[in-house]
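Quick notes on the structure that follows.
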Amino acid sequence: MPTPPPTDVIEPHTWNDEVQTRAEFDQRLASGILTGLTVQGLRLDLDPPDLTGVTVADTLFVGCRFASREVGADLVRRGADVVPPFSELPYPTQPSHLYTPEDLAAGFAEAGFAGMYDTRVYAHFRAHGGALPDVREALGQRLHDHGVDNALADATRTWLATHGPQSVVGIMGGHAVPRGSAPYRMAAVLGRELARADRLVVTGGGPGVMEAANLGAYLAPRPADDLDAAIDLLAAAPDFTDHDRYTAAALHVRELFGPPLPPPGGNSDAASPSRADSAALATGELDWARSGGLAVPTWLYGHEPANLFAGRIAKYFSNAIREDTILRLARGGIVFAPGRAGTVQEVFQAATKTYYGTDGASGAYVFLDRAYWTAELPVESLLRPLLAASPFGNLSPTVHLTDDIREAVQLLVGSGPLVSASGNGRGRS
């Protein structure tokens, strides 16, 4: 029987030998010694540093750009390892930070959906073999996804240190749910209330339920009426297959509501920062987490337009890594809204982790729409006996079915006060 891996295998690590910003690189460079460091994804071709005379034995430069090929060759001759970026790729081979909505939408204003960064990367992905790329492309993709892994660990470190792993909640559900529909509104209310309760909302980064949850988190500091108004505007472009209108509507909502408001104090209809993370908020370290949460999409589903309401976006080429990452992070519970094969796959992939304790303790499994999950797709009848037989004891009480957003939030965060966007906690039709 599989057993949980040692705790040091699953806990986030901090590597002090990684250099990911030019400021840090220049500081290290001043010492004249870069031995043993890993320098990731820096543009060293801009304002090129003088590397002559610097000790670079056992230094790894990965995805960095130099002023010339000779600079890289000289570093190798002096004992460094250099993994250069592949110049013809439209994406970085070692991204030093997670994507933002602005990153993915870059180019839309000039050339529409076909010209935005996200679409151009997807077109390249398809042209080079898709999920089965040629060797050169595979190396670029693997390096990129490792960079996203690294950037994700960096981005979530402050949040996890402040709130703990049980503060991260995943929201799963159908990608085809139309904007403006009752399920879409319910997911948006859920995302809003979880963000207001100091939960980091994590989704798969697609349209439908996923976009709705990130939208709710994006507007969490604002009055409930603003969320209703935003959904009404988005409902004018309900179908994600209408790529240009769908994306334009999202950008219009972002333009109208502007940068998300910081959590204000003294307002009963506002999210207030906890004392524990007030210092981090003061420096802006957690703004993204409170301004849309996290999305973890994949270019395997690049035909779906980008979800532009997450605060940070960890976009992968590998769908397998992406799926595991979402479930590994969501230790504070997972909400499963109605969905089809992809959602059911996530249910039992999550259940495997919980059954074996792969990533530590799990939170509640909350299934929205009791009839759907007991009659149409009777997942409960399989999940409860499976979790009851866990080597860690009877875990079946972690499974909950509900039709009420209020109850769902209370299961995940406790029984504190709840103010929902449409006033009744169930969304509106």
Subset tally (residues that are closer than 23 Å to Cys64 by Cβ, among the hydrophobic types (A, V, I, L, M, F, W, C) and open to solvent by 20 Å² or more (accessible area, probe 1.4 Å)) for segment 107-137: 1
Breaking point among (1) open to solvent by less than 10 Å² (accessible area, probe 1.4 Å); (2) touching a Ser or Thr at 6+ places or on another chain (Cβ under 7 Å); (3) assigned to a loop (DSSP other than H, G, I, E, B), for Asp198: (1)
One residue from Glu346, Glu323 being surrounded by 19 or more Cβ atoms within 10 Å (Cβ to Cβ) and out of contact with any strand residue (DSSP E or B) (no Cβ under 8 Å at 6 or more places or on another chain): Glu323
Qualifying residue in segment 21-34 (condition: closer than 21 Å to Thr93 by Cα, open to solvent by 30 Å² or more (accessible area, probe 1.4 Å), of a type in the set (S, T, N, Q) and touching a residue at least 40 places away in the same chain (Cβ under 8 Å)): yes
Looking only at segment 241-261, and only at residues there that are crowded, with 16+ Cβ neighbours inside 10 Å and outside any helix (DSSP H, G or I), the one that is modelled with the lowest pLDDT: Leu261
Breaking point among (1) on the phi < 0 side of the Ramachandran plot; (2) touching a residue at least 40 places away in the same chain (Cβ under 8 Å), for Gln345: (2)
Any hit, segment 154-177, residues being within 29 Å of Phe66 (Cα to Cα), modelled with pLDDT of 95 or more and either assigned to a helix (DSSP H, G or I) or open to solvent by less than 30 Å² (accessible area, probe 1.4 Å) (or both): no
Residue under evaluation Gly129, criteria (1) modelled with pLDDT of 95 or more; (2) under 30 Å from Ala249 (Cα atoms); (3) in a loop (DSSP other than H, G, I, E, B); (4) not charged (D, E, K, R), criterion not met: (2)
Hits in segment 78-114 - residues which are more than 28 Å from Phe309 (Cβ to Cβ) and free of Cβ contacts under 8 Å to residues at least 60 places away in the same chain: Arg78, Gly79, Ala80, Asp81, Val82, Pro84, Pro85, Phe86, Ser87, Glu88
Residues (β-branched (Val, Ile, Thr) and at pLDDT below 95) located in segment 71-99: Val83, Thr93
Subset of segment 132-149 [in a helix (DSSP H, G or I), within 15 Å of Leu300 (Cβ to Cβ) and not hydrophobic (A, V, I, L, M, F, W, C)]: Glu137, Gln141, Arg142, His144, Asp145
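The values are calculated or read from the model by the stated rules, or taken from the named source; none is laboratory data. None of the values given here were measured: they were computed from a predicted structure. Note: ideal-geometry Cβ built from the backbone for every residue, glycine included; neighbour counts use all protein chains shown. What goes into the accessible areas is simple: the full protein's heavy atoms, side chains included, and nothing from ligands, DNA or RNA. Shrake-Rupley method; radii C 1.70, N 1.55, O 1.52, S 1.80 Å.
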